[in-house]
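One structure is given here, and the rest of the page talks about it.
Throughout, read-outs are computed from the coordinates displayed, never taken from laboratory work. Quick caveat: nothing in here was measured; it's all calculated off a predicted structure. Methodologically, a virtual Cβ is constructed for each residue, glycine included, from the backbone with ideal geometry; neighbour enumeration extends over all protein chains shown.
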Amino acid sequence: MPLYEVEQETERVILVGVSQQDGDDAEDSVAELAELVETAGAVVVGTLIQKRENIHPGTYVGTGKVFELEELIEQTGATGIVCDDELSPAQLKNLEEALKTKVMDRTLIILDIFATRASTSEGKIQVELAQLKYRLSRLSGLGPSLSRLGGGIGTRGPGEKKLEMDRRLINSRVAQLNRELKEVQRHREVNRQQRKRSGIPVVAVVGYTNAGKSTLLNHLTNAEVLEEDKLFATLDPTTRILELTNHQKVLMTDTVGFIRKLPHHLIDAFRSTLEEAKYADIILHVVDASNPQMDKQMYIVYDTLRNLEVEGKKIITAFNKTDRIGQPEPLHDFRAERTVHISAKYGDGLEDLKNILEEILREEKDFLECTIPYRDAGVIQKIREKGELLSEEYREDGIFVRAWVPKEFHYM
């Protein structure tokens, strides 16, 4: 019997946005939505942005624009629309009834991308939890689109086939996932405590999605993290050891990329992962210097960190992808302790970045100059592990050392 390959039809979508005031970033946000949609595997066949004071509570855009959308769908052969904001159940239901087509929003697209990116058990739990909470809040509005099990955006990932669950079953599954996530968080907390006891400083790598965090981590630590020129190419956090030129070791921890209008379901589900930044000693903020929206992206990263209560941390901002902008003007970030220009792809500026890490870490240390008796020679290894051993000289009465050590390090 011959085997037939069934090719899944590519979804063709129209992007819909609302600009509420002059000078807002509606156009840039919709352009980013186009990238998200393409990452999710669909094709953009049209765009409609309406200027109005407020988002329409019933249909997102005004009634006149709904008619325009109807015509645009017919002209382009679109199979659905994607709205640039999270829709309420009423908006979702009204648009589906008026347009007779699949209606999606930015949150659903991001959740769908996350569903395809999650590879660890923790990532899969977090994504499914976010998907179910999103669907639970929209059971009354998700009508015809949720009854279609034919696939496509919004039906993939660990939460697939959960679409027909009633509220009771979804609540039961959410409770189970919460229990599993608490266990994962408990393990994460144990790991944090172990890292704290080890005395090895932790550097949390944060940044807008596709800023080059994974490429940087790979060049610094040989982490072998997936590198792609795509939004959310990597989802699961990675922690690797980086040895600096003074032989001091630091732990580099990657975090999920930030983005405009990051769905609150995801922030809630990924809080334990995102909070790696909260417990780090240093924040390494990676910025795509070649992106025209660089300033806006930096603002979004800092706003997300503020929402996660990440405060009082020393920040290094690495302006990445400088190879794309020729001879750059000096770039500034007034929130950062230090800034550095790098190209993670080609390795430019990485030695400067390591030197800056060393300088900042040294600011948290005390200078030690003393003679250690031979009976306590094991202390030398502790200095190597937790500090910076500058020199050691073997004398009759012991080992004379000069070193930088953590402030809490006590020998005498």
With label points set 7 Å from each Cα along the Cα-to-Cβ direction at ARG362 and THR10, the distance between them in nm comes to 5.4
Neighbour-count ranking for TYR346, TYR60 (other C-beta within 10 angstrom, fewest to most) reads TYR346, TYR60
Listed with the fewest Cβ neighbours within 10 Å leading, CYS370, CYS83 appear as CYS370, CYS83
Taking a label point 7 Å from the Cα of ALA31 along Cα-to-Cβ, the residues of region 302-343 whose backbone nitrogen sits under 19 Å from it are 320-322, 324-326
Once ARG271 and ALA175 are pulled to full extension, the length gained, defined as 0.36 nm per residue separation minus their Cα-Cα distance, is 32.9 nm
With DSSP loop assignment and no more than 14 other C-beta atoms within 10 Å, the trypsin sites (Lys or Arg not before Pro) in region 355-384 are none
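Take peptides 386-392, 331-337 and line them up by average Cβ neighbours within 10 Å, highest first, as a rough protection proxy. Let's see the in-between values first.
On the way: 386-392: 17.0, 331-337: 13.9.
Top of the packing list down: 386-392, 331-337.
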Of all DSSP beta bridges with both partners in region 199-362, the antiparallel percent, nearest 5, is 20
The size of the Cβ-based charge dipole (Lys, Arg +1; Asp, Glu -1) of the chain about the Cα centre, to the nearest 20 debye, is 1580
quick shape note, the chain: Cα extents on principal axes in Å, largest first -> 91, 51, 51
Label model pair ASP397, GLU38: point-to-point distance (7 angstrom along the Cα→beta-carbon line) in nm is 7.2
Residues LYS345, LYS321 in order from fewest to most other beta-carbon atoms within 10 Å are LYS345, LYS321
The distance between the Cα centres of region 83-116 and region 378-412, in whole Å, is 61
